[in-house]
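FYI, it's all coordinate maths here, none of it is from the lab. Because the structure is predicted, anything quoted here is derived from the model rather than measured. No Cβ is skipped: glycine too gets one built from the backbone with ideal geometry, and neighbour counts run over all protein chains shown.
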Amino acid sequence: MVARFLTLKLTLMANTFRRSVWQTIGMIVAALYALGVVVVLVILVGALAFVEDPSWAAVAITLGGALTVVGWWLIPIFAFGVDATLDPHRFTTFAIPRRTLVAGLAVAGLVSVPGIATVLVALGTSFAWVLEPGVLLVALVGAVLGVATCVIGSRAITTVLVPVLESRRYREVVTIVALVLFVLIGPVVGWLTNGVEVSVGDDSGAGTPVLPLFEQVSAVVGWTPFGAAWSLAGTAHDGDWVGLIGRLAVALGTIGLAWLVWDRALARALVRPPVGDGGGGRAKGLGAFGRVPFSPTWAVAARAATYWLRDPRYSGSIAVVPLLPVIMYFTAQSTGSFAMLLATGPFVAWLLGFSISNDIGYDNTAFALHVAAGVDGRADRWGRAIPLLVVGPLVSAATVVVSVWVSDSWHLTLPLLGLALGSLLVSVAVSCAVSARLVYPVVKPGESPLKSPQGAAIATLVSQGIGFAVTLGLSLPVFAVGIAAIVLGGPLWGIATLVVGVLYGTLILVLAVRFGARVYNRRLPELLQQMQSFP
């Protein structure tokens, strides 16, 4: 049965290549990138075998493995969502024993680019002990246990959280709070450790030696569920057999507890699958639709504005925007440079503009209303852009004002406003053109934002990579004038940046809407067919 799960997962992955050329290209690029990372990491770990002090190998593998486990447990929740390729609910009617189902899903969870890369790197960590055969065997056991901790723990967490977060309000609050903590942890740690000096040698006479500091951290992490499996080889090398048995017990206990949690959560989910809130909202009239002129453009704009206000998929995608100034502030405090803080305004503007780059994908099958009503391409393109063109300039300008106020750089207000408005208009323009051609699967309306459809991650990376490259190329004229204004100074250069950003961005937006409208009108049946084919 486990072999059948593997065959099914491989078949589904092979079918991904047939669905879209862009998904095929993205998968190949991701595989090549992962292969390069694996090769580099294995070479670096193998080189540790010939380092004079073997403590470096133990510390590097323990801390690196712990970070890998944390990534496996958290990234699927807050980045790409839960892999729904083999959704357990699809096997409810097949009467598969639950233990067999759990084992099959666990093994099949490794059949992906991140899974295969993790397995190769985990096995490659054993090369750090190639000169000591006994420790090498322990390292291989630790690698297997480490990979099991990654996969089983990740599945346990996601299976437990998905039913809990089906409540829309609870899901939004928990996701946003967790996202805030996750995004802020790096800048806060950097700010707290600002001024702490380290040195490589023990006799340098300044700062704190690096290796003893990392050894202390590694000694603590090695007793946690995150690093216990990865610390086995280092403990065996030191001859601490009692510590080896204790850490092995922690690793096995973590896997056993995660397996038990996953098994119980899966049993509950198979009997009582999540179905959402189940209640409808109280009718409150036409809302935004009753306050706009009667035209296709404004009807689309009203619907888009409603999505931004009520659809958690939209609000979740830009939840990081209010946090960017805070992150850049902590970064500036740590580095002593306010350059990144001042760049927050243009970056926020680009992020807002590019947030509608897959707006049709979020419509899902409701896009059939556009086809049935015969909505023209220009009405669709302008209607989706209008809400951002109303709110985006205000948010971008507010971010610029806050950044120059905190950094006391009021002389850069006009250049940064020009860069922000230009970036917003150009990114909205690229979104209007790209969203009519590159459409990829997203979370369906009403589903948990933690889920991720098959092929969504790779298609997202490819589509957004292309959009970013095009946006960067089209923004070069605005960037050139803005950089000149910042370097040369003077109010005239600032006014020139503002004028060029607004006029040039408006020109690109008009041309992009026309181009996107033609593509939209020409590909309307294909777009609907693509929406209906998404899993």
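Laid out as a table, the results:
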{"quantity": "Gained length - L120 relative to L12, 0.36 nm times residue gap less alpha-carbon distance", "calculated": "36.7 nm"}
{"quantity": "Burial order of peptide ranges 42-55, 255-268 (average beta-carbon count within 10 Å, highest first)", "calculated": "255-268, 42-55"}
{"quantity": "Segments 415-421, 113-119, 357-363 sorted - mean Cβ within 10 Å per residue, highest first", "calculated": "415-421, 357-363, 113-119"}
{"quantity": "Net charge of Cβ neighbours under 14 Å - reference G234; Lys, Arg +1; Asp, Glu -1", "calculated": "-4"}
{"quantity": "Cα centroid separation, the stretch 362-416 to the stretch 118-136 (Å)", "calculated": "51 Å"}
{"quantity": "Packing-based order for 217-225, 422-430, using average beta carbon neighbours within 10 Å, highest first", "calculated": "422-430, 217-225"}
{"quantity": "Cut-off 12 Å between beta-carbons: net charge of the residues surrounding A219, Lys and Arg +1, Asp and Glu -1", "calculated": "-2"}
